[in-house]
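Following: one structure in structure tokens, then a few remarks.
Read the figures in this text as sums done on the coordinates, not as results from a lab. From a predicted model like this one, the values you see are computed outputs, not experimental measurements. Quick reminder, even Gly has a Cβ in these numbers, built from the backbone with ideal geometry, and neighbours come from all protein chains shown.
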Amino acid sequence: MFIYLNKKILIPNFNRVRSIAWSFEHEFIACGGENGMLKVIKLENSLPIKTTTKSANKTDSSKNLAINQTLECHKTTVENVCWNEKFQKLISSDASGTIVVWIYYKDSWYEEMVNNRQRSQVTGMAWTYEGTKICIVYGDGAIIAGSVDGSRLWGKEIKSINLNKVEWSPDGRIILIGTKDPEIHVFDCSGNFLTKMLWNLELKTSPSQLIGIKWFKNNNTLKRPLLIALDKGQIQLFRNHSDDKPRKLNAKMRITSVEWNYLGEMFAVTGQIDFVQFFTEEQSLFC
């Protein structure tokens, strides 16, 4: 596999980017940052991604932007952006707790709904694979589940626990919620607590921060689709939320973000040293 720089995109007023998300199906990129900055861009003449990891075809590096739109609503740093691929929606949240749902209509993005709980900052958002439900967690322990049409399905608060991550199972029946301890709490889709995941027993002697919970959803061929990463470089791959024998690897760097690619062939790990590593499900580092 070959990695090369395709294009650099200038951020307005040199605002620092704090969140980024890619919509594979619709080829949009959303990036949020300081001073309420939120942009949605789309490259022209995008070519389909090959399903092989042994080669890569270069495309024209002089692509223009088919869409380059600044979305105006947020007043503080945009900390989270999350795509709903099935319904072509974007949800964003900022440091003040404001959440905005955006829809695409006639080649532009428009504000559909705004909500502010005015009590705590959003620390995690995730849609189900079908795009019909969303779960949002807050730093103060609040959990809210809603539908794609904006209706609230249920909500609950976990006392004295700081939440920071959330992820759905591929079938939408299980919700994993991470804490800053870090622990991972398992709930059903109705918000009923089931159990805690047993993982990374080394945490008792080496406290770490939970960086990512990524459950690959696009097919069921992966043996270990559930990925959990910690800031000190530890990564674990699980068959499901009850797997007590995960595969473990170490990125040997401080991790800031992890993400599966759309096909599930690999996942990327980025760190504070401006470096990215790529791993397959079998843990082999190939770039």
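How large is log10 I(q)/I(0) at q = 0.10, 0.20 Å⁻¹ when the Debye formula is applied to the Cα atoms of the stretch 83-219, each weighted equally and without solvent? Each listed q corresponds, in turn, to -0.34, -1.25.
Size of the stretch 199-287: Rg and Dmax of its alpha carbons, in Å, are 12.3, 36.
Positive contributions from Lys and Arg (+1) and negative ones from Asp and Glu (-1), summed over other residues with Cβ under 9 Å from the Cβ of residue 100, come out at -3. Normalised by the number of residues in the stretch 164-287, the mean separation of alpha-carbon contacts (under 8 Å, six or more apart) gives a relative contact order of 16 percent. Computed on the Cα trace of the stretch 68-129, the radius of gyration divided by the Kirkwood hydrodynamic radius gives Rg/Rh = 0.96. Shown for the chain is the translational diffusion coefficient from the Stokes-Einstein equation, using the Kirkwood radius over Cα pairs, a temperature of 4 °C and a viscosity of 1.567 mPa s: 65 µm²/s. The charge dipole of the chain, taken about its Cα centre with unit charges on the Cβ of Lys, Arg, Asp and Glu (plus for the first two, minus for the last two), comes to roughly 520 debye.
Just rank 135, 31, fewest to most, by other beta-carbon atoms within 10 angstrom.
31, 135
Remark: the residue 9-residue 248 segment gains 82.5 nm on full extension, using 0.36 nm per residue and subtracting the alpha carbon distance.
Could you tell me how many cubic angstrom of Cα convex hull volume the stretch 143-183 has per residue?
Numbers: hull volume 3.4 nm³, N = 41.
In the stretch 143-183, the Cα convex hull volume per residue is 82 Å³.
Computed from Cα atoms alone, the Kirkwood hydrodynamic radius reported for the stretch 122-196 is 12.0 Å.
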